[in-house]
1. Show which aspartates and glutamates lie in cross-link reach of K7 when reach means a straight Cα distance below 17 angstrom and same-chain residues fewer than eight apart are skipped.
2. Looking at the square roots a ≥ b ≥ c of the eigenvalues of the Cα gyration tensor of region 1-160, which shape do they give, rounded for a/c under 1.5, prolate if a/b is larger than b/c, or oblate?
3. In terms of Cα to Cα distance under 17 Å, which aspartates and glutamates are near enough to K264, apart from those fewer than 8 places away along the same chain?
4. Return one whole number: the accessible area per residue of region 192-261 in Å², for a 1.4 Å probe.
5. Under 18 Å between alpha carbons, and skipping anything fewer than 8 positions from K130 in its own chain: which lysines qualify?
6. Determine, from the Cβ-Cβ distance of E179 and S22 and an R0 of 25 Å, the FRET efficiency 1/(1 + (r/R0)^6), rounded to the nearest 0.05.
7. If a/c stays under 1.5 just call it rounded; otherwise compare a/b with b/c (prolate if a/b is bigger, oblate if not). Do that for region 110-212, with a ≥ b ≥ c from the square roots of the Cα gyration tensor eigenvalues.
8. In square angstrom, what is the accessible area per residue of region 1-116 with a 1.4 angstrom probe?
Amino acid sequence: MSDADGKVLISYKAGLNEKEPSGFRAYRLPLDRVADMVRSAGQYSAVQFREGYRDAAHAIPGSDLIILDYDDGFTLCDAVDMFRQYIGIVATTRSHQKEKHGVVCDRFRVILPTLRPVKLEAVEFRKMMKEVIHHYGTDKACSDMSRMYYGFPEAEVFFLEGCQLFDWEPFYQSALDKERQRQQQYRKPIQQASGDREAAQLDKTTCMYWEKNFAPGRRNLTVFTLGVLRKNAGAPMDILYSLNGSSGCPLPDDEMDRVIRNAKKGRL
């Protein structure tokens with residue numbers, strides 16, 4: 001909503017034929033005029049469309065409204081209370097208190113002017129809206145930027161009497177944070193698997209070098225060489241003690257300790 005004129009962007013098309021996506025016109029209107037569109041036999045959307053053609057490819061980022069649909073689980077009183085701090089509209093839809101999928105309940109829409117225009121491309125807009133939808137428990141199908149809504153001439157309209165405009169940016173940031181966490185969780189098993197492969201290869205190299213070189217007269221040098229190799233790789237030394245113990249001509253434990261300490265220091 002513009003601080004200067006108190007108006008919001010909304011696209012509108014008279015008539016209820018959704019099979020014809022053309023004919024939408026963009027307006028900047030005060031909230032009471034938006035309420036008139038909600039109560040009309042027409043279609044409206046929160047974004048402008050190039051050439052008036054309503055689809056994702058023609059949607060232009062820059063919405064001034066967040067629109068939420070409630071089909072089940074909340075009453076009108078719940079909504080008025082939940083959004084009481086905001087400026088906005090709560091309006092019943094054409095299926096309000098009518099049987100739908102075997103359920104009769106309050107069905108309504110919440111329309112909230114935003115603190116700043118939502119200048120997100122379609123994919124990013126959907127991320128933000130999914131977070132808003134999850135937070136407020138509303139219809140999950142209403143996350144697309146190009147979403148269209150039907151007006152209803154018999155709608156009951158309630159104006160929210162709060163003083164805040166809806167701040168969508170914390171929801172977008174939350175969506176980005178969750179996405180980053182998911183990516184990190186996805187990378188961990190890959191990194192772990194890579195680390196496991198590298199450790200297995202180092203152990204294999206250690207065993208092969210040991211078998212080829214560990215013999216009386218070369219025992220200390222073999223342990224030292226492998227100790228330096230494993231120290232540089234950040235690998236544990238346990239395998240060297242194990243190989244020494246099963247060698248048939250092991251170094252004494254105190255000598256193994258001394259050589260490995262020197263390997264860690266880098267001098268024999």
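The values are calculated or read from the model by the stated rules, or taken from the named source; none is laboratory data. Here the structure is a predicted model, which means the values were calculated and not measured. Cβ sites come from the backbone with ideal geometry, for glycine too, and all protein chains shown count toward neighbours. With ligands, DNA and RNA removed, areas are computed over all heavy atoms of the protein, side chains included. Shrake-Rupley method; radii C 1.70, N 1.55, O 1.52, S 1.80 Å.
1. Within reach: D32, D36, D64, E161, D167.
2. Numbers: a/c = 1.37, a/b = 1.24, b/c = 1.10.
Because its axes are fairly even, with a/c under 1.5, region 1-160 counts as rounded.
3. Leaving aside aspartates and glutamates fewer than 8 places away in the same chain, those within reach of K264 are D238, D253, D254, E255.
4. 60 Å²
5. Of all the lysines, those that pass the test against K130 - Cα under 18 Å, at least 8 places apart if same chain - are K119, K140, K178.
6. Numbers: r = 35 Å, r/R0 = 1.39.
Efficiency for this residue pair is about 0.10.
7. Values: a/c = 5.04, a/b = 4.00, b/c = 1.26.
Here region 110-212 falls in the prolate category.
8. On the way: 5400 Å² over 116 residues.
Heavy-atom accessible area per residue stands at 47 Å².
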